[in-house]
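All remarks here apply to the structure that follows.
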Amino acid sequence: MIFESCAEIRSYFSDYVDGACDARTVRSIRYHLSGCKPCNEELERYRAVQLDLRGLARQQVSPNLALRLRVQVSQELHRNVAQRIMIRLENVFRPVLLPSVAGFLVALVCFGLFLGMGTPRTNNIPDVPLDLVTPPTIMELAPMNFDMGGRPLVLVTYVNARGEVTSYKVLSGPHSPKLMENLDRMMYFSLFHPATTFGVPTSGRLVLSFRRITVRG
Amino acid sequence: MESVPFMGVALDLTAPAGSDEAALVAELKAGSEEAFAYLLGVYQNPVYNLVYHMIGDQSEAADVLQNIFLKILRGIRQFSAKSSLKTWIYRIAVHEVLNHRRNWGRRLFHEPYSVDDESLHLRAQGGMWGRDKETPYRVYEQAERQAGVNRALASLAQPYRTVVVLREIEDLSYEEIAQVLGIAEGTVKSRLRRGRELLKRKLAAQMSG
């Protein structure tokens with residue numbers, strides 16, 4: 001490209017200072033500049049303007065304006081009434097959320113421990129046992145008749161999973177050999193419902209109290 | 001480099017590029033407040049700088065800046081990634097400034113530029129540039145020079161001023177300026193050429209006057 005006048009070359013200075021001219025134009029401009037002092041001075045003035053513009057102080061957003069922008073953005077994002085209510089609720093509940101959850105969990109653990117420590121309920125109704133643990137119960141006592149001399153007799157019997165008495169022990173009352181022989185016979189022929197744990201028959205103890213045994217044969 | 005937490009990760013306050021920008025746009029479209037805070041951190045100063053140099057008044061620039069970010073917030077769902085996020089934001093900013101000027105019919109370049117301007121005082125104290133080692137005369141001369149450039153820039157017709165500001169102050173490429181303004185690159189070049197020529201003459205006139 002051959003420039004015919006200084007005016008023509010100067011029309012390319014704007015692109016030239018931006019590096020936006022093609023290689024051929026750049027070569028032509030440089031060739032012209034090598035021998036033209038007025039164009040060199042004009043180009044320098046272009047560059048000076050460019051430097052002046054780029055040297056202008058960059059404006060910064062003041063902290064106050066930055067805060068206003070943040071608030072405005074936040075308000076705009078939460079313009080929806082439902083969202084705003086949710087945020088208010090969140091703000092109210094967030095401080096108490098952790099303590100309340102912790103308190104609830106502690107209460108739950110304590111309640112569980114309390115349940116575990118409690119005495120299991122007994123069930124004497126002749127029905128399918130629904131409780132976790134049931135004691136042995138009398139199904140049928142053997143027909144025996146003996147006199148204890150008016151004194152009460154309290155004994156504990158050990159009943160196995162099949163409902164049979166494996167042993168017994170007199171806790172209080174008369175201990176005569178004849179009475180013991182009659183008791184042995186009665187326990188041998190008596191029938192019991194075994195104790196259960198989770199519905200499964202298991203061995204257990206049963207306390208019996210007699211005042212006067214008169215079983216009709 | 002300053003950074004802010006964003007989506008659990010501390011990101012630098014520079015314009016995101018590529019996949020980072022796509023992720024940011026996705027978060028913005030989802031209405032993430034953290035993403036908008038990050039967007040503000042990245043773009044509030046460049047956009048304010050652009051608006052200030054197009055309007056020439058700090059308080060008006062602040063008002064316009066708030067409107068710009070409101071429009072960004074409301075329009076982010078329509079952003080289709082045909083251009084970069086930066087270009088899109090600048091386009092909104094330029095349009096908002098032009099609307100603002102059209103609505104108020106203000107010709108700010110007629111307003112007197114006072115040497116008592118607050119920024120001049122700051123510059124004279126070296127606070128703005130941090131050039132404490134320079135002589136007061138040199139600092140004052142520099143401030144005067146910048147004031148002259150600001151005056152000359154403010155007196156340019158809006159189409160030329162916008163292109164000059166986008167190119168020389170915001171350092172956008174011809175292609176980006178064309179996208180921001182919605183004009184051809186050839187038009188960008190011719191406006192830039194004319195704007196520079198006018199600026200050069202005005203500055204020369206100031207120097208001689």
*Partner chain coverage, peptide B:47-53 - average Cβ within 10 angstrom*: 4
*Whole number in Å², please: accessible area per residue of chain A, 1.4 Å probe, ligands, DNA and RNA not counted.*
69
*With charges only on Cβ, +1 for K and R and -1 for D and E, what is the dipole size of chain A about its Cα centre, in debye, rounded to 20?*
740
_Three-way shape call for chain A based on the alpha-carbon gyration tensor, with the a/c threshold at 1.5_ = prolate
*What number comes out for the charge environment of B:L24, summing +1 per Lys or Arg and -1 per Asp or Glu over other residues with Cβ under 12 Å away?*
-2
_Can you give me the long-range amide H partners of A:T196? Hydrogens built in the peptide plane at 1.01 Å from N, cutoff under 5 Å, separation of 5 or more residues or another chain._
A:T134, A:T202
*Measure up B:K86/B:K202; B:K82/B:K202; B:K29/B:K86; B:K71/B:K200; B:K29/B:K189; A:K37/B:K202 against 27 Å on the Cα-Cα distance and list the ones that go over.*
B:K86/B:K202; B:K82/B:K202; B:K71/B:K200; B:K29/B:K189
*Go through B:161-171, B:179-189, A:23-33 and give me the packing order, highest mean Cβ count within 10 Å leading.*
B:161-171, B:179-189, A:23-33
*asked:* Can you compute the modelled spin-label distance between A:C36 and A:A57, with each label point 7 Å from Cα toward Cβ, in nm?
replied: 4.0
*Take peptide B:169-182, look around each residue's Cβ out to 10 angstrom, count Cβ atoms belonging to other protein chains, and average those counts.*
1
*Once amide H atoms are placed 1.01 Å from N in the peptide plane, what residues at a sequence separation of 5 or more from A:Y168, or on another chain, have their amide H within under 5 Å of its amide H?*
A:Y158
*Calculate, in nm to one decimal, what A:N64 and A:V200 gain on full extension: separation in residues at 0.36 nm each, minus their alpha carbon distance.*
41.3 nm
*Would you calculate the separation in nanometres between label points at A:A161 and A:I85, each defined as 7 Å from the Cα along the Cα-to-beta-carbon direction?*
6.1
*Peptides A:57-66, A:86-95, B:63-72, A:42-51: what's the order by average Cβ count within 10 Å, highest mean first?*
B:63-72, A:42-51, A:57-66, A:86-95
*Suppose R0 equals 22 Å; then what is the FRET efficiency for A:S5 and A:R47 from their Cβ-Cβ distance, rounded to the nearest 0.05?*
0.55
_Could you tell me the calculated FRET efficiency between B:K71 and B:A157, based on Cβ-Cβ distance and R0 = 25 angstrom, to the nearest 0.05?_
0.50
*In Å², nearest 100, what accessible area do chains A and B bury in total when the solvent probe is 1.4 Å?*
3600
*Please identify, among A:P38, A:P136, A:P174, the residue showing maximal mean-square fluctuation in a Gaussian network model of chain A using a 10 angstrom Cα cutoff.*
A:P38
*Simple spin-label model, 7 Å along Cα-to-Cβ: A:V207 to A:R27 in nm?*
12.0
*asked:* Per-residue Cβ counts within 10 Å, from other chains only, averaged over B:194-200: what number is that?
replied: 5
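The values are calculated or read from the model by the stated rules, or taken from the named source; none is laboratory data. Predicted, not measured: the structure shown is a model, and the values here were computed from it. With ideal geometry, Cβ positions are generated from the backbone for all residues, glycine too; neighbour counts draw on all protein chains shown. Protein only, heavy atoms only, side chains kept; ligands, DNA and RNA dropped before computing areas. Shrake-Rupley method; radii C 1.70, N 1.55, O 1.52, S 1.80 Å.
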